[in-house]
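**Student:** Shown below is the structure under consideration.
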Amino acid sequence: MIKAVFLKFSLSLFLTVFGNLFRAQEMFSPSVLVTYEMRSVESLMENTVPEVTHYVLMANEKTAVFKAQSAFRYDSIKLINGDQRTLMASFDLEEQANIVINPKDIVYSDLVMNTEVGYREGIDFKWQIIREFGEVAGQKCQKAVTEKFGRKWTACFSAVSPFMFGPYKFNGLPGLILEVEDDENHYRFRMTGIKKIEGTFPLSRLNQVKMFSKSDYLRVKDNLKSDFSMGGKIKFKPEHTRKFQAARELKLKSANPLEREP
């Protein structure tokens with residue numbers, strides 16, 4: 001019964017997102033598309049198996065957009081007016097986040113429990129370039145280190161690239177970031193491919209985003225995820241709600257987010 005309710009809700013949510021994407025949105029013209037593989041340990045529970053997720057970075061020399069590969073696939077089908085069945089096959093409810101990096105700031109937006117929310121934050125990476133070198137996907141790169149999000153990171157960037165961006169929010173080095181990894185081996189982004197790209201693409205994925213400060217966004221996100229009734233739209237028995245809450249609290253205790261600190 002509970003599973004059936006969530007399946008019905010997920011379909012409703014898909015149709016909502018399907019209708020909201022790309023309505024009168026600002027477009028941009030990237031010149032390069034970079035693919036990354038992220039290896040992550042998102043829980044500190046014993047015997048946790050690392051997860052592997054694939055992402056896409058589209059960039060020109062001034063702006064970049066980072067999102068899940070599944071979201072890029074969905075967006076590309078949507079742009080060419082693909083049929084709804086094909087769109088549904090490409091839809092991933094958990095991968096709706098969109099990160100826009102421009103010369104002024106970073107804009108993060110996401111779909112959280114059917115609510116479009118986001119925030120802006122400054123670009124304040126303080127890199128130290130070191131005399132160590134490496135190779136990623138056949139490309140030579142130089143290393144740099146920084147402390148950000150409550151973690152210590154080592155990146156490897158290509159000094160011959162004009163694109164000063166990288167995976168997730170990482171940017172600000174004199175070249176494309178090919179790899180970045182924290183010193184505990186919990187999170188690693190590694191480039192898997194790069195190619196030229198033409199055309200125009202939406203700068204954002206959602207068009208009714210409620211913008212907050214980053215601290216308020218985190219509180220709003222937590223509140224939204226803790227409301228299993230979706231504002232009273234879904235009815236559960238008290239014992240079911242208690243089970244959901246207990247499972248959520250257990251997950252939170254062992255959570256190992258990329259950003260330990262805002």
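**Student:** Rounded to the nearest whole Å², what accessible area per residue is found for the stretch 85-140 with the 1.4 Å probe?
**Tutor:** 57
**Student:** Which entries of Lys126/Lys148; Lys67/Lys140; Lys62/Lys169; Lys126/Lys169; Lys62/Lys196 show an alpha-carbon separation above 20 angstrom in the structure shown?
**Tutor:** Those over the limit are Lys67/Lys140.
**Student:** For a quick check of understanding: with a 1.4 angstrom probe and all protein chains in place, what accessible area in square angstrom does Phe165 have, to the nearest ten?
**Tutor:** Accessible area, nearest 10 Å²: 10 Å².
**Student:** Check Lys140: other-chain or 5+ apart residues with amide H under 5 Å from its amide H, H built from backbone geometry?
**Tutor:** none
**Student:** Tell me, what is the percent relative contact order of the stretch 62-208, built from C-alpha pairs under 8 Å that lie six or more residues apart?
**Tutor:** 17
**Student:** Which log10 I(q)/I(0) values, to two decimals, does the stretch 22-149 give at q = 0.15 Å⁻¹ under the Debye formula with one point per Cα?
**Tutor:** -0.99
**Student:** Just to make sure I understand: if all protein chains stay in place, what is the order of Lys169, Lys195, Lys225, Lys104 by accessible area at 1.4 Å, largest first?
**Tutor:** The ranking, largest first, comes out as Lys104, Lys195, Lys225, Lys169.
**Student:** Tell me, what % of the accessible area of the stretch 136-210 is carbon and sulfur with a 1.4 angstrom probe?
**Tutor:** Result for the stretch 136-210: 48 percent of the exposed heavy-atom area is carbon or sulfur.
The values are calculated or read from the model by the stated rules, or taken from the named source; none is laboratory data. The structure displayed is predicted, hence computed values, not measured ones. Keep in mind that these areas ignore ligands, DNA and RNA; they rest on the heavy atoms of the full protein, side chains included. Shrake-Rupley method; radii C 1.70, N 1.55, O 1.52, S 1.80 Å.
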